[in-house]
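Worksheet: one structure, shown below.
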Amino acid sequence: MADDQDDGSASSPAEHPRLWAPLLAAVGTLIVFWPAVRNGFVNWDDRAYILANTSFRGLAPENLRWMFSTVMAGPYQPLSWLSLALDHQLWGMSPFGFHLTSVLLHALNAALFSCLAARLLALAWGRGLDDPRPWWWGGLAGLLFAWHPLRVESAVWITERRDVLCGAFFLGALLAYLKDREAVGDRGWRRLSWALCLAAILSKGVAVVLPALMLILDYYPLGRLPGDPRDWLRKSETRAVLFEKAPYLLMALPFAVLGAIGQRLALGPPALDLIPRLLLGTWRFVFYLCKTIFPAGLSPVYDSGAPGAAAGGLLPLAAALAVLGATAALWRWGKPWALASWLWYSILVLPVLGVFSFAPQATADRYTYLSCLPWALLAAAGIARLAENVRLSGPARVGLLASVALLAGSLFFATRLQLEYWRDSESLWRRAVATTPDSVIARNNLGDLLLARNDLQGAWDHYKLAFDLDPSHVPTNYKLGKVYQASGMPDAAAMCYERAARLDPEFLPAWSSLGVLLFSMKRQDEAVEILREGLAQKVNERRPGARELRASLMNNLGNVLFESGRPLEALKEYARAIRYEPRDPHGHHNAGAVWASLSQRDKAEFCYREALRVAPGYEPSRKALETLRAKPLKKRKATSSPVPV
């Protein structure tokens, strides 16, 4: 926000940009991001959250109960799940529908932020809302926010629906809060602000900071609070400003606690102690600022360099000193717009720095979606100051306009390029490997793609590089086993699977693959022992796919028992799998295969029908049911359930 500017004349209603500026920001954002609707799913949480997750697919009571009770992978986000469920109702599992909704929400956020920026600029400049200039500059702020390449991850990654949905409610709550200040005596806007605040929190937990941001607005530009917080409780007027935040706090605090508990339950304890977390958090604070100013080398993962530096390097310490120094300097400078912008950024980015986190915290572009809003506003206000306050000559004004056009064009093309990287999984992870070559995650995910297309050498190259970077990384050891097994080297594969299982006993795919492999090597007793040992592990079932993996392990144990000539024991394992994960068709189908082998036609048909009931497109049961009706019963083997990777 900038200092006061010269007054300007109001335009006629037909020419007023109150509607046109936000609309142009939204349409411009749609144009920039429209190619994303052709994108597909990516192997970066989309499989666990969307493709393998049947719980959100529907609006039945059990689906809604799951959405409003789960903390899958940590965050509590029932409204985000509900929006994904509505997409599924409209479009099925086509990625087009999911991407379309996310892009439309991002365009809506561009318009909402344009309106919010216009009102803040009008307040800061002492102008009325009938003046068109705050609206045009607010529209520019909306474009600078929405067109930035850092927005791409939030706007086009289906799993991150929570960012754009929360953003819409978040910005709406702030707009309603400002409207409430204008409409004295009308509590309708205040109630709307409460409702939108709650909706934002139920979309993504980061919105719990809204009450603090409203206090900053009360300080500047509303001027309802003095600059010294020690004076806030001394006068009845300022105490009333504080007390009116009580409803927001009552909404925010329970969900802040729930979010912390959910993160801890789903992801486990933080990987670092408090002091390294403080250093790494300040490094991230500066990192996001730098990426906002110069968005080069963007990647879906930044798991290299910073953690090691946080443990004992000078870079995070220098970042911490820089942050403290900048805060002190802004406080002493006495410019309320600068201090308010800095505090806005600090409060919005604090929840994602990992300093006070109860679980591991990543560094990611998506965490800038809301936190960098003040910098877009400051940039627009600065350009406005140059254009209006400074008496520029004709050529200078042309140069300023050309600079603004160059900035907008640069953001346009940089964002379009970033959209191309998110087009599909291969583009994404080849980009990640190019920008962060020492990323274990990027190497593994690219290796997964190559392994899926049977490029064993290519997959081996990336898995081996990941192993060299971190020999104790459990998924890397497991995936090396997959390559060995596909290459016809079962002993080496078994060694890799066992090493992965011993490194992390909760990593169920290693136990499952090892058991199946041992059985194929005619080591039936060892296979049964390994599968039972895997089932005995205590697993955090709040992690994405954990229940499905455990059910798969039960099914594989049943398959091994059945193939070993122990059908009744196999039935017990299939029954366990069905009770544990009744929506998984494999247990029903395999139980049907056992009953068919025992010449129990009615029971076999019932099980196949149950498999088709929970998964109508499940082809093995459809074919088995046709065979059962067409031919006399003969002893047949159970169909093995897939082993999730």
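A few notes on this one:
- Derived scalar couplings ³J(HN,Hα) [the range 18-35; Karplus, 6.51 cos²θ - 1.76 cosθ + 1.60; whole Hz; x for Gly, Pro]: 3, 9, 5, 5, x, 5, 5, 4, 5, 5, x, 5, 4, 5, 5, 9, 4, x
- Qualifying chymotrypsin sites (Phe, Trp or Tyr not before Pro) in the range 409-482, where qualification requires a DSSP coil assignment and no more than 12 other C-beta atoms within 10 Å, are lacking entirely.
- Packing here is the average count of other Cβ atoms within 10 Å per residue, and on that basis the peptides 215-225, 138-148, highest first, run 138-148, 215-225.
- Contact order relative to length of the range 132-238, as percent, for alpha carbon pairs under 8 angstrom and 6 or more apart: 18 percent
- To the nearest 10, the accessible area of residue 363 is 10 Å² with a 1.4 Å probe.
- When each of the peptides 122-131, 70-79, 234-243, 163-172 is scored by how many other beta carbons lie within 10 Å of its residues on average, the order from highest to lowest is 163-172, 70-79, 122-131, 234-243.
- Solvent-accessible heavy-atom area per residue, rounded to whole Å², over the chain at 1.4 Å: 43 Å²
- Cross-link reach list, aspartates and glutamates versus residue 623, counting only Cα pairs under 12 Å and skipping chain neighbours closer than eight places: 605
- Global geometry of the range 111-159, whether rounded, prolate or oblate, following the gyration tensor of its Cα atoms and the 1.5 cut on a/c: prolate
- Computed over the chain: relative contact order in percent, which uses C-alpha pairs under 8 Å that are six or more apart: 13 percent
- Packing-based order for 292-299, 548-555, 342-349, 589-596, using average beta carbon neighbours within 10 Å, highest first: 589-596, 548-555, 342-349, 292-299
- In this structure, the residue pairs whose Cα-Cα separation is over 25 Å, taken from 204/291; 479/572; 479/538; 538/603, are 479/572; 538/603.
- A straight Cα-to-Cα reach below 13 Å connects residue 522 with the aspartates and glutamates 491, 563, residues fewer than 8 places away in its own chain not being considered.
- Vicinal HN-Hα couplings computed from phi for the range 64-79 (Karplus, 6.51 cos²θ - 1.76 cosθ + 1.60; Hz; Gly/Pro x): 5, 4, 5, 4, 8, 10, 7, 10, 3, 6, x, x, 9, 9, x, 6
- Carbon + sulfur, % of accessible area of the range 440-559 - ligands and nucleic acids excluded, 1.4 Å: 53 percent
- Between helix 440-452 and the chain: long-axis angle, C-alpha atoms, 0 to 90°, nearest 10: 50 degrees
- [x] 15, 38, 27, 14, 5, 1, 0; [y] 17, 42, 27, 12, 3, 0; [z] 17, 46, 27, 10, 1, with the label sought being that of the calculated P(r) over Cα pairs in 20 Å bins from 0, in percent: [z]
- Here the sum of -39500 (n - 2.57) over DSSP H runs of 4 or more residues, divided by the residues of the chain, equals -21500 deg cm²/dmol at 222 nm, to the nearest 500.
- Seen against the Cα atoms of the chain and their longest principal axis, helix 567-580 is set at about 10 degrees.
The values are calculated or read from the model by the stated rules, or taken from the named source; none is laboratory data. In this text the structure is predicted, and so the values were computed from the model without any measurement. Using ideal geometry, Cβ is built from the backbone for each residue, glycine included, and neighbour counts are taken over all protein chains shown. Note: accessible area is taken over every heavy atom of the protein model, side chains too, but ligands, DNA and RNA are not part of it. Shrake-Rupley method; radii C 1.70, N 1.55, O 1.52, S 1.80 Å.
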